[in-house]
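Reviewing the structure listed below.
The values are calculated or read from the model by the stated rules, or taken from the named source; none is laboratory data. As the structure is a computational prediction, the values presented were derived from the model and not from experiment. Ideal geometry is used to build each Cβ from the backbone, glycine not excepted, and the neighbour counts take in all protein chains shown.
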Amino acid sequence: MHDVVTAILGGGQGTRLWPLTRERAKPAVPVAGKFRLIDIPISNSLHAHIDRIFVLTQFNSASLHRHIAQTYRFDAFSRGFVNILAAEQNIDNPDWYQGTADAVGQNLERLLEDSPEDVLILSGDQLYLMDLERFVAEHRGADRDVTVAVKPVPPSEASALGIMRIDDAGRIVEFVEKPQDPEVVEHLALDQATIDRLGLDAEPGMLLASMGIYLFRAGVMRELLDGTEATDFGKEIIPQALQGHQVGSFVHAGYWRDIGTISAFHHASLELTDTVPSLDLYSASRPIYTHPRFLPGCKVNRAEVHRAVLCDGAIVYDGATIRRAIVGVRSTVREEATLEDTVMLGATHFEPKPADGTIPLGVGKGSLVRGAILDTNVRIGAGCRLVNEAGVTEADGDGWCIRDGVVVVYRGATIPDGTVV
């Protein structure tokens, strides 16, 4: 595993996840109350003993850089590192990253500087735990040039993913990026015989989709990317590799969520409140690493709590009700307030008692928040109702918006007393 380097793609603008990406890069978005999205791929790599990690960034990357610098430090006797490769203009290439393959191609010499055997490409906006050590072992054991991590998905998701057909040996024989034609989708659908033959955990009619996780032999990566005008792995590089290289699949049977949209982020976050979550954040052998904050424990006075994740430093006051919600670090939920199906991303600091007339950090007394995402450092006044009672899909307001039917309060926004959304 010391002959593998990881490249994490974190340079996208994150428009589908706006406004959570209004002031931060996608991989810097808080998740599960106390982590950042970037912690997921880095932790997966470190669990596989892959400790040479590059993070490719471009948009709003200041907070991401700070988080990585404060979190991932290796001792003097380790050759491990987590290095930022920010997009830069130079004489040879005056352009910013044009796509996933272009981002890797522009940093090819840095990735291959220590002559690794393989290069692992991970995404910065997915939620999963994967045995990457087994991924590498299967890739090398089958003597493949490229291996793509795949997962069975329903036909309804096909148009947003790369869909493929594989043979009995696990080799990819056909690959279509984001198919829109129903006939193509039907052609690539799995039948029962194929499911049984490959031992897949799937139903007939489902499809095998790329997870955006790739493993390349270093020499093959150079061959495919050096001098090419192709900019995207799914659209161009993988189909091109099928023409003359051994391209295989690695079927991931565990939890995986692409959380690149507001609705997907909201849904995946609330899944973590399940009695037995599909994503096990309580594993002793595979913890998610993040920046240590040295915070006190969550303080709950007299409150009613059902299926909630309450994080370090949070304070829940008398008479509050929390149902199916994540209450992030340093969050405050005041008297008689109610959170339902809501994700509070937390606060970056504890606040002294504010001056008279100033709305304090957190959710105010008697407010009802339902089906929402509250970004960091929000101030919700007393008696507010943020519930999207009209059931609208898209809307914009002062300090808030609705995306995919989810109410999102902007980072650092103040919502006056009595506001109804």
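Among all residue pairs at least 6 apart or on different chains, which show Cβ distances below 7 Å where the first residue, located in the range 384-396, is free of Cβ contacts under 8 Å to residues at least 60 places away in the same chain and the second is part of a loop (DSSP other than H, G, I, E, B) and among the polar types (S, T, N, Q)?
These pairs meet every condition: CYS384/SER367; CYS384/THR419.
Among all residue pairs at least 6 apart or on different chains, which show Cβ distances below 7 Å where the first residue, located in the range 42-68, is at positive phi and the second is at pLDDT 90 or above?
What qualifies is HIS49/GLU133.
Residues to consider are ASP312, ASP318; find the one that is assigned to a loop (DSSP other than H, G, I, E, B), more than 27 Å from ALA28 (Cα to Cα) and acidic (Asp, Glu).
Residue meeting the stated conditions: ASP318.
Tally up the residues in the range 31-70 that are among the polar types (S, T, N, Q), out of contact with any helix residue (DSSP H, G or I) (no Cβ under 7 Å at 6 or more places or on another chain) and either at pLDDT below 90 or farther than 29 Å from VAL327 by Cβ (or both), please.
The total comes to 4.
Take GLU203 and tell me if it is of a type in the set (Asp, Glu) and assigned to a loop (DSSP other than H, G, I, E, B). Spell out the reasoning first.
Details: of a type in the set (Asp, Glu): yes; assigned to a loop (DSSP other than H, G, I, E, B): yes.
Criteria met by GLU203.
Is it the case that GLU304 is within 17 Å of SER367 (Cα to Cα) and touching a residue at least 24 places away in the same chain (Cβ under 8 Å)? Don't jump to the end; show me each part of the working.
Working: within 17 Å of SER367 (Cα to Cα): yes; touching a residue at least 24 places away in the same chain (Cβ under 8 Å): no.
Criteria not met by GLU304.
Say whether the condition of being surrounded by fewer than 18 Cβ atoms within 10 Å (Cβ to Cβ), within 20 Å of the chain's Cα centre (by Cα) and in contact (Cβ under 8 Å) with a residue 12 or more places away in the chain is met by at least one residue in the range 358-365.
No, the range 358-365 contains no residue that is surrounded by fewer than 18 Cβ atoms within 10 Å (Cβ to Cβ), within 20 Å of the chain's Cα centre (by Cα) and in contact (Cβ under 8 Å) with a residue 12 or more places away in the chain.
Could you list, ordered by first residue, the pairs with Cβ atoms under 9 Å in which the first is in the range 397-410 and over 10 Å from PRO19 (Cα atoms) and the second is among the aromatic types (Phe, Trp, Tyr) and assigned to a strand (DSSP E or B), at least 6 apart or interchain?
Cβ pairs passing all conditions: VAL407/TRP400.
Here are LEU208, LEU242, LEU215: which of them is over 18 Å from LEU122 (Cβ atoms), crowded, with 21+ Cβ neighbours inside 10 Å, assigned by TED's automatic domain parsing to the domain that holds VAL148 and not polar (S, T, N, Q)?
LEU208
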